[in-house]
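As structure tokens, the structure follows; a few thoughts come after it.
Every number in this text was worked out from the coordinates using simple rules, so none of it is lab data. Predicted model only: the values in this text are computed from it and were never measured. Using ideal geometry, Cβ is built from the backbone for each residue, glycine included, and neighbour counts are taken over all protein chains shown.
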Amino acid sequence: MKIDLPNLVAPEHTAIVTQECQGAVVGPDAGLAALADEARRQALPNISRLLPAARAASARVVHCLVQRRPDGLGSNHNAKIFAIGRSDVGIQPGSPGATLLPEFGPEPDDLVLSRWHGLGPMGGTDLDAILRNLGVRTIVAVGVSVNIAITNLVMDAVNAGYRVVLPRDAVAGIPTAYADAVIDNTLSLLATVTTTDHLLQAWQQLRPAH
């Protein structure tokens, strides 16, 4: 089935949702260095290209972050993933670890949502309600990681009735070959998989001529 990408990502019904693009996850002192290194290789530079284009096209930009109290109260402890990473990386509210990377904003019209629990923003924040209030029907998912949080976001979004677009060079997971396999064999059945360049071209086509 041929996808009409410009129509699918028309700004009036589209939001680009960044996932965990924050200091503790992909910053210089990230808790899992291998993931941060992989994200910096390709995904983060491409997100830096996508966000200004989304704003210029008048698509919504939503940043989804994770934070925890120093004592961990209210956060999950029921799976191995919640214990992975360096224990000395602060992710408490207001810390660099819990803050959006400065190169991504936030700009005044961006929305920032932080979760205390769970594996992704649909279950851990008001993302669904906010997107519906904004009239959003298509989510462009970017960030980390394909291993868990991006996959969780895609599945939750599809379950909630959204169309999902996944620029494969603006997400990251480890090992790289595994992330590629997840995109090719699972996420491609749920989302429209594209590239940063194709998404930029789609938004450029939709911008009014001056």
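Some points to look at:
- Centroid-to-centroid separation of region 123-138 and region 1-60 [C-alpha atoms, Å]: 17
- Against the chain, whose longest principal axis is taken from its Cα atoms, helix 196-206 shows a tilt of about 40°.
- Note on region 8-70: Kirkwood hydrodynamic radius from all Cα pairs is 12.9 Å, rounded to one decimal.
- Order of Glu20, Glu107, Glu12 under a 10 Å beta carbon neighbour criterion, fewest first: Glu107, Glu12, Glu20
- With respect to the chain, whose longest principal axis is taken over its alpha-carbon atoms, helix 176-185 is tilted by about 50°.
- Relative contact order computed over the chain (Cα-Cα under 8 Å; 6+ residues apart), in percent: 29
- Extension gain, Ser58 to Ile148, is 29.5 nm, computed as 0.36 nm per intervening residue step minus the present C-alpha separation.
- Translational diffusion of region 103-161, estimated by Stokes-Einstein from the Kirkwood radius over alpha carbon pairs at 20 °C in a medium of 1.002 mPa s, is 174 µm² per second.
- Using 0.36 nm per residue and subtracting the Cα-Cα separation, the extra length available between Arg40 and Asn159 on full extension is 39.8 nm.
- Taking Cα atoms only, the orientation of helix 149-159 departs from the longest principal axis of the chain by about 50 degrees.
- Potential lengthening between Arg49 and Trp116 on full extension [0.36 nm per residue; Cα-Cα distance subtracted]: 21.2 nm
- A protection proxy built from the mean count of other Cβ atoms within 10 Å ranks the segments 130-138, 161-169, 30-38, most packed first, as 161-169, 30-38, 130-138.
- Taking each DSSP H run with n ≥ 4 as -39500 (n - 2.57) and averaging over every residue of the chain yields -9000 deg cm²/dmol at 222 nm.
- Binned Cα-Cα distance frequencies in the chain - 5 Å width, integer %: 1, 7, 16, 21, 21, 17, 9, 4, 1, 0, 0
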